[in-house]
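The values are calculated or read from the model by the stated rules, or taken from the named source; none is laboratory data. Please read all numbers here as calculations on a predicted model, not as lab measurements. Cβ placement follows ideal geometry from the backbone for every residue including glycine, while neighbour counts extend to all protein chains displayed.
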Amino acid sequence: MAANSLREAKHELLTLHRLRVPSLLRKALHSTNPIESMFARVRKCEGNVKRYRDSKMAQRWLASVLLSCEKGFQKVRGHESIQIVLEEIKSQQELDQMKKAS
């Protein structure tokens, strides 16, 4: 079971290491808990909506629910390191472009 989970997450784990994501941020990004928590909040709030006239109305309700849920979100641990990771991503993209050009 653990081996299957590791095989399944291998690419994401390697990407986080390749981008030199600091460990605290890496731990937060590797977890799906924040996303699952948000989906649970959306389901709970959406249960109060009784009528959807069309898809645009459903999109407006979803946007409204997400904005309401946003108030309860916590900061991502290690968020201070995000700028460093963005710079590393840009650097990796430039290297990839140089490899393709040659």
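Quick rundown of the values:
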{"read-out": "Residue list for region 60-72, filter: under 15 Å from the mean Cα position of the chain (by Cα) and either of a type in the set (Ser, Thr, Tyr) or surrounded by 12 or more Cβ atoms within 10 Å (Cβ to Cβ) (or both)", "value": "LEU66"}
{"read-out": "Selection status of GLU88, surrounded by 12 or more Cβ atoms within 10 Å (Cβ to Cβ), part of a helix (DSSP H, G or I) and touching a residue at least 60 places away in the same chain (Cβ under 8 Å)", "value": "yes"}
{"read-out": "Filter pass, GLU80 being at pLDDT 85 or above, part of a helix (DSSP H, G or I), charged (D, E, K, R) and surrounded by 13 or more Cβ atoms within 10 Å (Cβ to Cβ)", "value": "no"}
{"read-out": "Some residue of region 38-52 being part of a loop (DSSP other than H, G, I, E, B) and of a type in the set (Lys, Arg)", "value": "yes"}
{"read-out": "Long-range neighbours under 6 Å by Cβ, at least six apart or interchain, first residue among the small types (Gly, Ala, Ser) within region 68-85, second surrounded by 10 or more Cβ atoms within 10 Å (Cβ to Cβ) and part of a helix (DSSP H, G or I)", "value": "GLY78/LEU24; GLY78/LEU25; GLY78/ALA28; SER81/LEU25"}
{"read-out": "Which numbered condition ALA40 misses (of (1) loosely packed, with under 12 Cβ neighbours inside 10 Å; (2) touching a residue at least 12 places away in the same chain (Cβ under 8 Å))", "value": "(2)"}
